[in-house]
Amino acid sequence: MAGGSLMTRVSPQSASQWPWVGFVRSFFPRLVNQALPFAVGTGFLVHPQVVLTAGHVLYDTVNYGGAALSVDVTFAGQSPIRASTYRVTDQWMNQDAANNNPISAFDIAAIFFDQPVVGRPSVPYGSGVNLAGAEITVVGFTGEHYPSVPFFGGSAFPIPSPDDAFRISYPLETLGGMSGGPVYTVDSANRATVRGVHTSLLVDGNGNALRFTDNILDLINFWLRR
């Protein structure tokens with residue numbers, strides 16, 4: 001996957017290389033009795049029983065009527081796993097969801113399972129602050145031609161934006177359904193650490209993610225202690 005400062009599009013990838021990334025189906029009130037009764041997103045396993053995703057993947061008042069009635073996650077080569085519950089930030093639900101704010105500081109959620117996900121690794125996560133000069137990678141499912149769920153990804157270097165305090169911007173043109181996908185760095189031993197959650201494609205074509213600040217890390221750790 002190519003990196004650089006020029007705008008690039010994510011390209012097809014093999015989901016089997018990212019066993020900790022899953023395809024999220026959110027069954028929303030407004031989609032009941034529709035031919036496709038769910039919206040699609042991406043999530044990633046940070047604990048045997050917890051997947052992180054974008055808040056708007058699970059709570060969308062503008063397009064889908066509010067909170068998802070049920071949610072499941074499918075990892076490559078497995079059957080869908082039904083979530084026992086999920087949590088979306090209060091700030092997203094009470095403030096930013098009304099306008100589908102693409103640069104929200106709170107667009108994150110956690111999906112919980114009753115039983116550990118078998119045969120799938122969890123991915124480490126860490127601070128997304130001070131990523132200048134560090135190449136990041138974004139991956140996720142599109143779901144645009146369900147039941148085919150193509151997997152796409154790309155790498156680039158973050159670019160400055162007015163919202164750097166809580167957002168990561170990168171010159172990658174992403175696809176619908178990739179919301180909730182991991183934005184991660186790789187160390188010299190080829191180990192991934194997630195630094196943010198992909199949430200949006202802005203008008204200028206840049207991809208955009210919620211950055212893992214100290215406050216967001218505290219929230220994730222709180223969710224994991226539930």
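The values are calculated or read from the model by the stated rules, or taken from the named source; none is laboratory data. Computed from a predicted model, the values in this text were never measured in an experiment. Positions of Cβ are generated from backbone atoms using ideal geometry, with glycine treated the same way; all protein chains shown enter the neighbour counts.
Against the definition (out of contact with any strand residue (DSSP E or B) (no Cβ under 8 Å at 6 or more places or on another chain) and either in the same structural domain as F38 (by TED's automatic domain parsing) or more than 22 Å from T213 (Cα to Cα) (or both)), how does N130 come out, yes or no?
On the way: out of contact with any strand residue (DSSP E or B) (no Cβ under 8 Å at 6 or more places or on another chain): yes; either in the same structural domain as F38 (by TED's automatic domain parsing) or more than 22 Å from T213 (Cα to Cα) (or both): no.
In short, no.
Here's a check for you: in region 93-117, which residue that is in a strand (DSSP E or B) and of a type in the set (A, V, I, L, M) is farthest from H198 (Cα to Cα)?
Step one: of region 93-117, the residues in a strand (DSSP E or B) are 109-112.
Add one more test, that the residue is of a type in the set (A, V, I, L, M), and what stays is 109-111.
Numbers: A109: 12, A110: 14, I111: 16 Å.
Among residues in region 93-117 that are in a strand (DSSP E or B) and of a type in the set (A, V, I, L, M), the one farthest from H198 (Cα to Cα) is I111.
Give the residues of region 25-52 that are more than 16 Å from Y86 (Cα to Cα) and touching a residue at least 60 places away in the same chain (Cβ under 8 Å), sorted by residue number.
Within region 25-52, just L36 meets the criteria.
Determine whether region 148-156 contains at least one residue that is more than 20 Å from N215 (Cα to Cα) and not in a strand (DSSP E or B). Working first, answer last.
Start the filter on region 148-156 by keeping residues that are more than 20 Å from N215 (Cα to Cα), which leaves 148-156.
Retained after the next criterion (residues that are not in a strand (DSSP E or B)): 149-150.
The answer is yes; a qualifying residue exists.
Please work out which residue is surrounded by the fewest Cβ atoms within 10 Å (Cβ to Cβ), limiting yourself to region 201-212 and to residues that are modelled with pLDDT under 95 and either among the acidic types (D, E) or assigned to a strand (DSSP E or B) (or both).
Taking region 201-212 as the starting set, the residues that turn out to be modelled with pLDDT under 95 are 201-206.
Those left that are additionally either among the acidic types (D, E) or assigned to a strand (DSSP E or B) (or both): 201, 204.
On the way: L201: 18, D204: 11.
Only one residue tops the list, namely D204.
Within region 172-190, can one find any residue that is among the acidic types (D, E), under 18 Å from the mean Cα position of the chain (by Cα), on the phi < 0 side of the Ramachandran plot and surrounded by fewer than 24 Cβ atoms within 10 Å (Cβ to Cβ)? Please lay out each step first, then the result.
Narrowing region 172-190 to residues among the acidic types (D, E): 173, 187.
If we keep only those that are under 18 Å from the mean Cα position of the chain (by Cα) too, we end up with 173.
Next cut, on the phi < 0 side of the Ramachandran plot only: 173.
Next, from what is left, pick out any that are surrounded by fewer than 24 Cβ atoms within 10 Å (Cβ to Cβ): 173.
The answer is yes, given that some residue of region 172-190 is among the acidic types (D, E), under 18 Å from the mean Cα position of the chain (by Cα), on the phi < 0 side of the Ramachandran plot and surrounded by fewer than 24 Cβ atoms within 10 Å (Cβ to Cβ).
Looking only at region 103-127, count every residue that is within 16 Å of the chain's Cα centre (by Cα) and β-branched (V, I, T) and tell me the total.
Here the count works out to 4.
Restricting the search to region 100-150, which residues are polar (S, T, N, Q) and under 23 Å from R226 (Cα atoms)? First the steps, then the outcome.
Step one: list which residues in region 100-150 are polar (S, T, N, Q), which gives 100-101, 104, 115, 122, 127, 130, 137, 142, 148.
Passing the criteria: Q115, S122, S127.
Just for region 130-175: of the residues that are touching a residue at least 60 places away in the same chain (Cβ under 8 Å) and touching an Asp or Glu at 6+ places or on another chain (Cβ under 8 Å), which one is farthest from N101 (Cα to Cα)?
Restricting to residues being touching a residue at least 60 places away in the same chain (Cβ under 8 Å) and touching an Asp or Glu at 6+ places or on another chain (Cβ under 8 Å), the top hit is P150.
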